[in-house]
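A short worksheet on the structure shown next.
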Amino acid sequence: MKKIEICDLLEQKANIFDRFLVSTQSLRDASDFQKEREGIEQLIKDRRRYIDAIKGIDSQVETLQRDCPDLVSPLPYEARQRVSKLFKSIGDVAEKAQHISREYEEKLAILREEIKAQIVSTRHSQAGIGRSRADRAYSLGKAKFLDIKL
């Protein structure tokens with residue numbers, strides 16, 4: 001029972017990792033962050049859900065290993081080969097997803113810096129406009145504030 005269960009859990013984990021990779025690739029391929037914001041938010045939620053599912057499977061595998069420390073060694077040769085292939089597949093997919101995530105994070109960091117620079121330049125230009133109007137009004141002898149005495 002436990003021997004079959006470990007293989008099933010690893011297959012579930014491999015399938016979830018594949019879906020995680022697809023979501024990660026979709027995030028990387030998103031070209032317009034402003035227009036595709038809702039889609040991006042959904043992809044991020046999907047990725048979080050996949051991560052939680054993977055953590056749940058990992059805790060089940062740990063429980064099985066704690067209950068039976070030599071869980072994989074008594075498996076038949078075919079099952080051990082299957083487990084080995086599943087571990088390799090999971091590792092490969094996780095490595096691809098990590099690489100793509102790094103690309104995406106770098107893309108977001110660049111976009112963040114660009115937006116930050118735009119905000120700073122806009123703030124400076126707005127401050128300059130306000131000061132020049134006030135300076136002109138002061139030099140012309142116009143009141144800066146309204147006199148509301150009765």
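Since every read-out is calculated from the coordinates, none of them should be taken as a lab result. All values reported here derive from a predicted model rather than from experimental measurement. Because the Cβ atoms are built from the backbone with ideal geometry, glycine has one as well, and the counts that use them run over all protein chains shown.
In nm, to one decimal, how far is the modelled label at Arg112 from the one at Gln25, with both set 7 Å along Cα→Cβ?
2.7 nm
When the chain is fully extended, how far beyond the present Cα-Cα distance does Ala79 get from Asn15, taking 0.36 nm per residue of separation?
Stretched out fully, the Ala79 to Asn15 stretch lengthens by 21.3 nm.
Please tell me which of these pairs span more than 19 angstrom C-alpha to C-alpha: Lys13/Lys96; Lys13/Lys107; Lys45/Lys85; Lys35/Lys96?
Distance filter (> 19 Å) returns Lys13/Lys107; Lys45/Lys85; Lys35/Lys96.
Quick one: if the Förster radius is 25 Å, what FRET efficiency do Lys35 and Gln98 give, using the C-beta to C-beta distance and rounding to 0.05?
After rounding to 0.05, the efficiency reads 0.35.
Hey, can you rank 109-115, 21-27 by average C-beta count inside 10 Å, highest first?
Taking the mean over residues of other Cβ atoms within 10 Å, the ranking is 21-27, 109-115.
Please compute the length gained on full extension between Asp52 and Phe87, using 0.36 nm multiplied by the number of residues separating them and subtracting their Cα-Cα distance.
Extra length from Asp52 to Phe87 when fully extended: 10.7 nm.
At Gln65 and Ile119, where each label point lies 7 Å from the Cα along Cα→Cβ, what is the point-to-point distance in nanometres?
4.3 nm
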